[in-house]
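Heads up: the structure comes next, in structure tokens.
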Amino acid sequence: MSDRWSTSGLDLHLEAGPGPRRRARLEGALRDAVRAGRLAPATRLPSSRSLAQDLGVARGTITAVYDQLAAEGYLEVAPGSGTRVAALPAGAVARRSPRTERPAPAPALAPPTLRLVPGSADATTFPVTAWNRAVRAALASAPTDAFGSGDPRGRPELRAALADYLARTRGVVADPARTVVTTGYAQSLALLAQVLHGAARGAPAPRVAMEDPGLGFHREIVRRAGIEVVALGVDRAGARTDLLTGADLEAVRAVVVTPAHQYPTGVTLAPARRRALLDWARATGGLVVEDDYDGEFRYDRQPVGAVQGIGPEHVVYAGSVSKTIGPGVRLGWMVVPGPLLDAVVAAKTHADYRTGSVDQLALAHLVRTHGYDRHVRGVRARYRRRRDLLVARLADLVASGHVEVSGVSAGLHALVGLRGPGADEDAVIRRAAALGLEVAGLGTHRHDAPGDPGIVVGFGAPSEPEYPRALDALVRALGADRARGARRPSGDRLGT
């Protein structure tokens with residue numbers, strides 16, 4: 001039987017039990033807890049009065065236990081500050097499990113200290129003050145049902161706020177009733193893949209076309225749902241919609257695209273291909289999944305409108321706050337065509353039932369009071385300055401023909417294509433790592449077929465002090481010495 005300390009403010013199971021010699025057993029159990037490390041040094045123990053009341057023993061029993069362990073050096077008793085666990089000499093604290101007594105492994109090599117990896121935002125831009133205000137305001141006005149089970153689609157306050165915001169800023173035809181709140185784009189894609197797989201029961205396995213190059217993690221999400229992923233090539237006009245009518249992409253049920261700023265090439269889906277994509281969906285009954293992961297960050301003009309705005313019954317529009325507020329806030333959304341809504345809601349229900357209410361209420365408050373707009377404008381200006389600095393630092397390499405930079409008109413990454421004989425992205429990655437810089441190769445984003453070498457440079461991740469040092473390392477890794485003294489000609493691709 002175990003005694004448990006509870007009302008005294010410290011929960012701890014002691015194998016003492018009732019019966020004779022209880023003081024000795026309590027003394028031994030507490031001694032073992034200190035020696036095993038379950039009670040850390042400086043932990044304040046309950047008063048003898050409260051602990052005696054919790055355990056149902058005389059106060060004098062607890063006082064005697066404390067005095068004995070203090071005499072042995074396990075506890076420290078200081079008048080006015082109570083009884084605390086003493087710091088035992090090195091080696092006196094036993095390991096918690098004999099299986100851990102083998103020598104500790106040698107520490108791993110330190111990871112790169114600088115990161116120019118795509119898909120990440122600067123964590124220091126998190127709006128701590130505004131988020132705190134939003135949480136307080138949301139909790140102060142939250143209805144009682146906000147802390148209950150709720151609707152699997154998400155809080156109505158957030159769905160209404162998102163519908164207004166997406167219509168205003170991205171041209172989305174958004175209905176709160178058809179908006180589903182998720183924990184991010186990854187969950188949205190997983191739910192859609194489950195729905196597609198479920199709809200194909202009794203029929204051939206569904207196929208989904210995904211951009212090539214694209215994010216391998218997203219391909220794996222779809223594959224894990226039992227769906228075959230086929231490559232949809234990308235060129236300078238975006239996803240090649242002409243391939244959808246070919247034999248290689250026959251029986252494709254859905255197409256996943258990043259039309260505003262293709263990942264990782266950075267191109268924007270051309271207007272003619274947007275129309276062709278919707279023509280394919282209407283003719284085949286197929287589904288378009290629009291990943292608008294960084295559509296808010298456009299630097300040369302107003303953000304490009306969503307494809308969903310011109311084909312809402314054929315497009316699932318998906319987004320999240322991972323690039324705007326930060327990935328620490330696990331909130332995303334889908335605007336779903338009506339015929340698909342019930343199946344998506346059922347999939348969400350069986351996945352995790354619903355997304356946490358407090359963050360939803362806080363985001364709804366930020367969106368409704370335009371605090372979210374102000375934050376997006378602020379970080380957009382910061383990332384544009386970073387984009388401009390990246391362009392300036394790579395200008396000599398572009399002028400020499402050593403690299404070609406594209407995709408810098410939007411988003412948080414740029415594609416640095418490697419040009420000339422001997423261009424080797426693996427060598428660049430190794431040189432960068434030796435300089436303490438982590439970068440990503442374009443080759444890791446391809447489905448199967450090889451292609452031109454390149455480096456996908458994410459300029460969102462580093463903090464402000466780190467960013468110039470990261471660019472220094474990038475230029476060195478790319479071989480800036482070969483471009484020294486070169487002049488930049490007009491007409492290069494830095495502005496594309």
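Let me confirm something: among 306, 260, 225, 251, which residue is surrounded by fewer than 17 Cβ atoms within 10 Å (Cβ to Cβ), in contact (Cβ under 8 Å) with a residue 24 or more places away in the chain and in the same structural domain as residue 203 (by TED's automatic domain parsing)?
On the way: 306 fails: surrounded by fewer than 17 Cβ atoms within 10 Å (Cβ to Cβ); 260 fails: surrounded by fewer than 17 Cβ atoms within 10 Å (Cβ to Cβ); 225 fails: surrounded by fewer than 17 Cβ atoms within 10 Å (Cβ to Cβ).
Exactly one residue qualifies, and that residue is 251.
List every residue pair whose Cβ atoms sit under 7 Å apart, with the two residues 6 or more apart in sequence or on different chains, where the first one lies in the stretch 48-68 and is assigned to a helix (DSSP H, G or I) and the second, anywhere, is at pLDDT 85 or above and among the aromatic types (Phe, Trp, Tyr).
48/66
Considering only residues of the stretch 441-463 that are surrounded by fewer than 22 Cβ atoms within 10 Å (Cβ to Cβ) and of a type in the set (A, V, I, L, M), which is modelled with the highest pLDDT?
Only one residue fits best here, namely 442.
Give the stretch 437-463 a look and list any residue that's among the β-branched types (Val, Ile, Thr) and either assigned to a loop (DSSP other than H, G, I, E, B) or touching a residue at least 60 places away in the same chain (Cβ under 8 Å) (or both), or say none. Before the answer, list the steps.
Quick first cut of the stretch 437-463, residues among the β-branched types (Val, Ile, Thr) only: 439, 444, 455-457.
Once the filter is applied, which keeps residues that are among the β-branched types (Val, Ile, Thr) and either assigned to a loop (DSSP other than H, G, I, E, B) or touching a residue at least 60 places away in the same chain (Cβ under 8 Å) (or both), the stretch 437-463 yields 439, 444, 456, 457.
Rundown of residues vs (1) assigned to a strand (DSSP E or B); (2) under 24 Å from the mean Cα position of the chain (by Cα), yes/no style:
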| residue | (1), (2) |
| --- | --- |
| 232 | yes, no |
| 280 | no, no |
| 293 | no, yes |
| 302 | no, no |
| 309 | no, no |
| 318 | yes, yes |
| 324 | no, yes |
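For residues that are more than 19 Å from residue 473 (Cα to Cα), of a type in the set (A, V, I, L, M, F, W, C) and either without any contact (Cβ under 8 Å) to a residue 40 or more places away in the chain or touching a Lys or Arg at 6+ places or on another chain (Cβ under 6 Å) (or both), tally how many sit in the stretch 362-398.
1
What residue, among those in the stretch 193-206 that are surrounded by 18 or more Cβ atoms within 10 Å (Cβ to Cβ) and either at positive phi or in contact (Cβ under 8 Å) with a residue 40 or more places away in the chain (or both), is nearest to the chain's Cα centre (by Cα)?
194
So how many residues does the stretch 339-375 have that are out of contact with any Gly (no Cβ under 9 Å at 6 or more places or on another chain) and not in a helix (DSSP H, G or I)?
4
Quick test of your reading of the structure: residue 202 fulfils all but one of (1) part of a helix (DSSP H, G or I); (2) out of contact with any Gly (no Cβ under 9 Å at 6 or more places or on another chain); (3) at pLDDT below 95; (4) not hydrophobic (A, V, I, L, M, F, W, C). Name the failing condition by number.
Only one criterion in (1) part of a helix (DSSP H, G or I); (2) out of contact with any Gly (no Cβ under 9 Å at 6 or more places or on another chain); (3) at pLDDT below 95; (4) not hydrophobic (A, V, I, L, M, F, W, C) is unmet by residue 202, namely (1).
Does residue 140 meet the test of being at pLDDT below 90 and on the phi < 0 side of the Ramachandran plot?
Values: at pLDDT below 90: no; on the phi < 0 side of the Ramachandran plot: yes.
So residue 140 does not fit the description; no.
Is there any pair linking a residue in the stretch 18-47 that is surrounded by fewer than 13 Cβ atoms within 10 Å (Cβ to Cβ) to one that is of a type in the set (Lys, Arg) and assigned to a loop (DSSP other than H, G, I, E, B), with Cβ under 6 Å and at least six apart or on different chains, and which?
That search, which allows pairs on different chains as well, returns nothing.
Would you mind finding the one in 167, 190, 161 that is surrounded by fewer than 22 Cβ atoms within 10 Å (Cβ to Cβ), outside any loop (DSSP other than H, G, I, E, B), in contact (Cβ under 8 Å) with a residue 40 or more places away in the chain and not hydroxyl-bearing (Ser, Thr, Tyr)? Outline the logic, then answer.
Numbers: 167 fails: in contact (Cβ under 8 Å) with a residue 40 or more places away in the chain; 161 fails: surrounded by fewer than 22 Cβ atoms within 10 Å (Cβ to Cβ).
That would be 190, the only listed residue that is surrounded by fewer than 22 Cβ atoms within 10 Å (Cβ to Cβ), outside any loop (DSSP other than H, G, I, E, B), in contact (Cβ under 8 Å) with a residue 40 or more places away in the chain and not hydroxyl-bearing (Ser, Thr, Tyr).
Can you tell me which residue is nearest to residue 119 (Cα to Cα) among those in the stretch 267-292 that are in contact with a Ser or Thr (Cβ under 7 Å, 6 or more places away or on another chain) and surrounded by 23 or more Cβ atoms within 10 Å (Cβ to Cβ)?
291
Quick one: residue 384 ticks every box in (1) in contact with a helix residue (DSSP H, G or I) (Cβ under 7 Å, 6 or more places away or on another chain); (2) within 22 Å of residue 302 (Cα to Cα) bar one, so which box is it?
(1)
Name the single residue that is nearest to residue 236 (Cα to Cα) among those in the stretch 205-214 being modelled with pLDDT of 95 or more and part of a loop (DSSP other than H, G, I, E, B).
Applying the filter and picking the extreme gives 213.
Looking only at the stretch 234-258, filter to residues that are in contact with a strand residue (DSSP E or B) (Cβ under 9 Å, 6 or more places away or on another chain) and assigned to a helix (DSSP H, G or I); which one of those is farthest from residue 204 (Cα to Cα)?
Initial filter on the stretch 234-258 (in contact with a strand residue (DSSP E or B) (Cβ under 9 Å, 6 or more places away or on another chain)): 234, 236, 238-241, 243-244, 248-258.
Restricting the remaining residues to those that are assigned to a helix (DSSP H, G or I) gives 241, 243-244, 248-249.
Working: 241: 23, 243: 21, 244: 18, 248: 16, 249: 14 Å.
Within the stretch 234-258, the match that is farthest from residue 204 (Cα to Cα) is 241.
Can you tell which of 354, 384, 393, 368 is modelled with pLDDT of 95 or more, in the same structural domain as residue 305 (by TED's automatic domain parsing) and of a type in the set (D, E, K, R)? Before you say what the answer is, go through the steps one by one.
Details: 354 fails: modelled with pLDDT of 95 or more; 384 fails: in the same structural domain as residue 305 (by TED's automatic domain parsing); 393 fails: in the same structural domain as residue 305 (by TED's automatic domain parsing).
Just a single option satisfies the conditions, and that option is 368.
Among 184, 148, which is the only one that is modelled with pLDDT under 95 and either within 30 Å of residue 301 (Cβ to Cβ) or surrounded by fewer than 19 Cβ atoms within 10 Å (Cβ to Cβ) (or both)? Write out each step before concluding.
Values: 184 fails: modelled with pLDDT under 95.
One residue alone meets the criteria, 148.
If residue 331 satisfies all but one of (1) surrounded by 17 or more Cβ atoms within 10 Å (Cβ to Cβ); (2) not assigned by TED's automatic domain parsing to the domain that holds residue 153, what's the number of the condition it fails?
(2)
Looking at the stretch 69-86 only, could you name the residues that are in a helix (DSSP H, G or I) and either at pLDDT below 85 or farther than 16 Å from residue 39 by Cβ (or both)?
Of the stretch 69-86, the ones in a helix (DSSP H, G or I) are 69-71.
Across the stretch 69-86, the qualifying residue is only 71.
Do you know which residues across the stretch 334-346 are surrounded by 23 or more Cβ atoms within 10 Å (Cβ to Cβ) and over 16 Å from residue 158 (Cα atoms)?
The answer is 344, and nothing else.
Looking at the stretch 377-393, can you tell me whether even one residue there is hydroxyl-bearing (Ser, Thr, Tyr) and part of a strand (DSSP E or B)? Please lay out each step first, then the result.
Step one: of the stretch 377-393, the residues hydroxyl-bearing (Ser, Thr, Tyr) are 383.
This time we only want the ones that are part of a strand (DSSP E or B), so: none.
No, that holds for no residue.
Hey, could you check the stretch 464-494 for residues that are in a loop (DSSP other than H, G, I, E, B) and surrounded by 12 or more Cβ atoms within 10 Å (Cβ to Cβ) and say which is modelled with the lowest pLDDT? Even if it seems obvious, please write down each step before you answer.
Step one: of the stretch 464-494, the residues in a loop (DSSP other than H, G, I, E, B) are 464-465, 479, 484-494.
Checking the rest, the ones that are also surrounded by 12 or more Cβ atoms within 10 Å (Cβ to Cβ) come to 464, 479, 486, 488, 492-494.
Numbers: 464: 91, 479: 86, 486: 40, 488: 38, 492: 32, 493: 41, 494: 39.
Among those that are in a loop (DSSP other than H, G, I, E, B) and surrounded by 12 or more Cβ atoms within 10 Å (Cβ to Cβ), it is 492.
The values are calculated or read from the model by the stated rules, or taken from the named source; none is laboratory data. Every value quoted in this text rests on a predicted model; they were computed, and no experiment measured them. Neighbour counts run over all protein chains shown; Cβ positions are idealised from the backbone, glycine included.
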